[in-house]
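Colleague: Quick one: the structure is below, and I'll ask about it shortly.
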Amino acid sequence: MAGRGGPRRRGAGELESDVLGVLWAAAEPLTPREVRDELGRGLAYNTVHTILTRLQGKGLVERDVDGRGGRYRPVKDAAQVTVERMHAALDVGEDRAEVLLRFASSLGTEDEALLRALLDDR
């Protein structure tokens, strides 16, 4: 939680998601410094490097050796990462049918129609 006028504290995984977003938007692999500059939040280089190392450990990014440093690129696209997160969330519940029913019931009209069309095409 942020103190009076201090920086806002990020939620768990928020910085990782932001770093992945920068890498997905990039046309080529980026150095930690380039990622930090794209985030534009005054983050320390070490913070960004630590996040990239964690993402590498999770199999979400790969490091291409470039001299002493390295350049990072995503291994999976945003859709694949989201699918894996959705599966993980679904696996937590004991009643998959109830979880899926509640999810489908919570969709807006456009998303519901899109989901129906995608399932029909499958």
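The values are calculated or read from the model by the stated rules, or taken from the named source; none is laboratory data. Note that the structure is predicted; figures quoted are calculated from it, not measured. All Cβ positions, glycine included, derive from the backbone under ideal geometry; neighbour counts span all protein chains shown.
Colleague: Given the conditions (1) farther than 23 Å from K58 by Cα; (2) part of a helix (DSSP H, G or I); (3) at pLDDT below 90, report the number of the one that S105 does not fulfil.
Modeller: (3)
Colleague: Name, by its number, the condition in (1) assigned by TED's automatic domain parsing to the domain that holds D18; (2) among the aliphatic types (A, V, I, L, M); (3) surrounded by 12 or more Cβ atoms within 10 Å (Cβ to Cβ) that does not hold for V99.
Modeller: If we test V99 against (1) assigned by TED's automatic domain parsing to the domain that holds D18; (2) among the aliphatic types (A, V, I, L, M); (3) surrounded by 12 or more Cβ atoms within 10 Å (Cβ to Cβ), just (1) comes out false.
Colleague: Hey, could you check the range 64-75 for residues that are modelled with pLDDT under 95 and in a strand (DSSP E or B) and say which is surrounded by the most Cβ atoms within 10 Å (Cβ to Cβ)?
Modeller: Only one residue fits best here, namely G70.
Colleague: Can you find a residue that is outside any helix (DSSP H, G or I), within 30 Å of H49 (Cα to Cα) and touching a Phe, Trp or Tyr at 6+ places or on another chain (Cβ under 8 Å) anywhere in the range 78-85?
Modeller: No, that holds for no residue.
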